[in-house]
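Notes follow the structure.
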Amino acid sequence: MVRALAGNLFAQVVLATVLGLGSGLFFPALADDVGWMTALFMRLIIMAVGPLLFCIVTLGILGAGSLKTVGRLGGQALLYFEIMTTLALGVAVLVAMGLGIGRGVGFMPTAEDARMIASYGDHAQNLRAGGISGFLLSLVPRTPAEAFAQGNVLQILVFAIFAGCCLNGMGERGAPLVRLIESVSELFSRMMGVIIRVAPLGVFGAMVTTTARYGLETIGHLAGFTALYFLLVGLFIIGALGGGLRLAGVSPLRFARYFREELLIVATTTASDAVLPSLMTKLEKLGVERQVVGIVVPAGYSLNLDALSIYLGLAVIFLANATGTHLTVWQIATLLVTALVTSKGAHGIPGFAIVILAATLASVPSIPPASLVMLLAVDWFAGIARAVGNFAGNCVAPVLIAAWEKRLDHTKMAEALGR
């Protein structure tokens with residue numbers, strides 16, 4: 001059994017999850033001693049993911065050959081992202097309104113609640129104050145080093161696109177730089193292969209600390225909200241994403257099984273950054289052309305947040321009902337547009353779901369901002385569905401865009417999924 005575990009990352013992650021859950025329940029004091037494990041794992045990921053992402057995107061643009069091809073792929077990706085996130089947000093709002101979630105709670109925020117939410121308010125104000133112009137300016141780092149130092153995926157993506165486009169036009173003069181980037185890409189790919197072996201350690205630490213802190217009965221009267229969110233994310237994955245895969249001639253069940261290790265890591269750490277390199281590598285092995293992967297996946301991590309859109313739609317209506325706030329059609333429309341803008345590029349902000357929700361609610365002041373304190377208690381649980389849903393969306397998007405562009409090797413995919 002020990003030998004089987006030694007070579008099976010999936011089994012190691014499952015074991016770490018079970019042990020972490022048990023330890024958090026029966027030995028909660030252990031949480032203070034193992035919190036560093038998750039922090040160490042995430043720091044290792046952040047250390048390597050930026051340079052690797054830059055290399056993959058730059059080489060992907062160079063591999064496309066024509067800047068016209070890059071522009072077409074990027075445009076299709078952006079159109080796809082906007083359609084899917086808008087659809088997810090709209091459906092969530094309609095379901096929440098139809099079911100009347102939050103009615104009867106009668107929540108009255110206290111001064112302590114307001115103080116607790118204040119830490120998120122600054123981030124929310126920064127997100128919303130700039131509006132569209134602020135978002136556009138945030139795409140460009142002041143220096144390339146700043147983007148890498150902060151691990152800002154969107155800024156690294158923009159810098160990589162500029163670098164790839166310029167190298168594309170340099171011809172032979174850029175060949176030495178291209179070879180250097182290829183070597184750096186291989187270096188960080190190997191580094192990520194080593195880092196991912198530490199995933200069970202990070203998963204164990206995350207499970208111990210979160211279980212010890214929240215316990216098993218913390219959902220309370222928010223159980224309905226959380227359960228509905230999980231249900232909608234599940235239906236979105238099965239219906240929208242699974243349906244898209246079927247249209248592309250791909251088996252959804254085999255596709256999900258192929259990414260089972262990544263899905264489990266994402267679910268237990270509530271973060272998808274750790275599996276970004278693995279996702280991109282596996283998509284290439286499935287037969288998705290490298291330039292499609294290099295352009296669509298990194299962009300999707302910041303712009304294709306389907307599960308976050310579902311969360312925002314449910315949360316806004318829940319908080320309005322819980323505080324007895326009546327929303328007009330115009331106010332709901334304003335909230336939807338604000339949510340679509342504030343959620344773009346917010347991936348990676350600490351407590352980003354609460355931050356974005358606070359920025360969204362600011363567009364309709366009649367909903368007490370302090371009511372957000374209700375969702376803090378279940379944010380980690382909701383974070384599981386959020387992370388898995390967002391990750392699933394970014395697994396499927398490259399396949400669908402590649403299929404549409406006829407850049408998907410169906411024979412290679414059938415072989416990979418059949419093993």
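The values are calculated or read from the model by the stated rules, or taken from the named source; none is laboratory data. Everything quoted here is computed from the prediction, not taken from an experiment. Positions of Cβ are backbone-derived with ideal geometry, glycine not excepted, and every protein chain shown enters the neighbour counts. Heads up: the accessible areas ignore ligands, DNA and RNA and are worked out on the full protein's heavy atoms, side chains in. Shrake-Rupley method; radii C 1.70, N 1.55, O 1.52, S 1.80 Å.
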> Where Lys and Arg each count +1 and Asp and Glu each count -1, what net charge lies around G90 among other residues with Cβ under 13 Å from its Cβ?
Replying inline: -2
>> Please report the accessible area of S133 (heavy atoms, 1.4 Å probe, ligands and nucleic acids excluded) in Å², nearest 10.
In response: 80
> For L78 and T334, FRET efficiency with R0 = 25 Å and r from the beta-carbon atoms, rounded to 0.05?
Replying inline: 0.60
> Which value, in Å² and to the nearest 10, is the accessible area of E182 when all protein chains are kept and the probe is 1.4 Å?
Replying inline: 90
>> Need one number: nm distance between label points at T281 and M170, each 7 Å from Cα along Cα→Cβ, rounded to one decimal.
In response: 2.7
> For W36 and V194, FRET efficiency with R0 = 25 Å and r from the beta-carbon atoms, rounded to 0.05?
Replying inline: 0.85
> Sorted by accessible area with a 1.4 angstrom probe, largest first, how do K412, K282 fall?
Replying inline: K412, K282
>> What does the charge count around L279 come to, taking other residues whose C-beta lies under 12 Å from its C-beta (Lys +1, Arg +1, Asp -1, Glu -1)?
In response: -2
